[in-house]
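**Student:** Provided herewith is a single structure, encoded as structure tokens, for subsequent inquiry.
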Amino acid sequence: MKKNDQRTRLTKLLIRKSMTSLLSQKPIQSISVKELCETAGINRGTFYAHYTDLYDLLAQMEEEMMEHFQQALRPLLEEQGEVLTPVKITEGIFRCIKDNADLCIVTLGPYGDKQFAARLLDLGRQWCLKSYTKYFEGVSQTKLEYYYAFVSAGCIGILEQWLHDGMSTSTEEIAQIAQGIMLSGIQFLR
């Protein structure tokens, strides 16, 4: 049984890598199951044993990343006896993104699923606003909303640059950079 589980995981990994590779080149509407299977080195029967079509594959990939993202965010709200800081929030998020870099690159690219990107941002918004409420006590919800809008847009820019650079900088360092910019603005450069 374990052999089949391992084989299934390997097959799904090959399919995922092939799908993200193709999505980095063209929109999903221009990809065929035949092309995906040739790229992955599998037959169509194997593909259909796991997915109903390419949209099902993409939906499952996105749902898996959404679950990872939620897992990365969950500890941010749990009481841990230590002070919650913006760097801890962003470090968890960047770690999740690094673990799902292939899908992130595609999502942020020209053929990415913009609705999925919006779902990720909204999920991050919900969790981060809860965290910010604890960290920035007494600040109005409106100010926190604007803060998140500004920070999330900036973090997307940092993320795009980090992905462009091949994620050679550690998640901890990227989180420190993001925190420095979030808390110090232009003074971060001095």
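The values are calculated or read from the model by the stated rules, or taken from the named source; none is laboratory data. The shown structure was predicted, so the numbers you read here are calculated from the model rather than taken from an experiment. Don't worry about glycine lacking a Cβ; one is built from the backbone with ideal geometry, like all the others, and counts go over all protein chains shown. When the accessible area is computed, the model is the full protein with side chains, heavy atoms only, and any ligands, DNA or RNA have been set aside. Shrake-Rupley method; radii C 1.70, N 1.55, O 1.52, S 1.80 Å.
**Student:** Keeping to segment 50-104, report how many residues are of a type in the set (A, V, I, L, M), at pLDDT 75 or above and not in a helix (DSSP H, G or I).
**Tutor:** So the answer is 0.
**Student:** Which ones in segment 15-32 are in a helix (DSSP H, G or I), in contact with a helix residue (DSSP H, G or I) (Cβ under 7 Å, 6 or more places away or on another chain), over 12 Å from L57 (Cα atoms) and open to solvent by 20 Å² or more (accessible area, probe 1.4 Å)?
**Tutor:** Correct list: S21 only.
**Student:** Conditions: (1) outside any loop (DSSP other than H, G, I, E, B); (2) at pLDDT below 95. F47 meets all but one. Number of the miss?
**Tutor:** Every condition holds for F47 apart from (2).
**Student:** Now for a different question. Considering only residues of segment 136-145 that are more than 23 Å from I97 (Cα to Cα) and in a helix (DSSP H, G or I), which is least open to solvent (accessible area, probe 1.4 Å)?
**Tutor:** Looking at residues that are more than 23 Å from I97 (Cα to Cα) and in a helix (DSSP H, G or I), I get L144.
**Student:** Kindly evaluate A175 against the criterion of being open to solvent by less than 60 Å² (accessible area, probe 1.4 Å) and in contact with a Phe, Trp or Tyr (Cβ under 6 Å, 6 or more places away or on another chain).
**Tutor:** Spelling it out, A175 is indeed open to solvent by less than 60 Å² (accessible area, probe 1.4 Å) and in contact with a Phe, Trp or Tyr (Cβ under 6 Å, 6 or more places away or on another chain).
**Student:** Kindly indicate the residue of segment 154-165 that is more than 14 Å from the chain's Cα centre (by Cα) and at pLDDT 85 or above and also least open to solvent (accessible area, probe 1.4 Å) among those meeting that condition. Spell out how you get there, then give the answer.
**Tutor:** Residues of segment 154-165 that are more than 14 Å from the chain's Cα centre (by Cα), as a first pass: 154, 161, 164-165.
Still in the running and at pLDDT 85 or above: 154, 161, 165.
Details: G154: 37, Q161: 99, D165: 81 Å².
Going through the qualifying residues, I end up with G154.
**Student:** Restricting segment 102-134 to residues that are among the polar types (S, T, N, Q) and open to solvent by 70 Å² or more (accessible area, probe 1.4 Å), which is nearest to L57 (Cα to Cα)?
**Tutor:** Across segment 102-134, the extreme among qualifying residues is Q115.
**Student:** Report yes if D99 is open to solvent by 50 Å² or more (accessible area, probe 1.4 Å) and within 23 Å of R74 (Cβ to Cβ), otherwise no.
**Tutor:** yes
**Student:** Of A117, A149, which residue is modelled with pLDDT of 85 or more and either among the small types (G, A, S) or more than 21 Å from R16 (Cα to Cα) (or both)?
**Tutor:** Details: A117 fails: modelled with pLDDT of 85 or more.
Going through A117, A149 in turn, just one is modelled with pLDDT of 85 or more and either among the small types (G, A, S) or more than 21 Å from R16 (Cα to Cα) (or both): A149.
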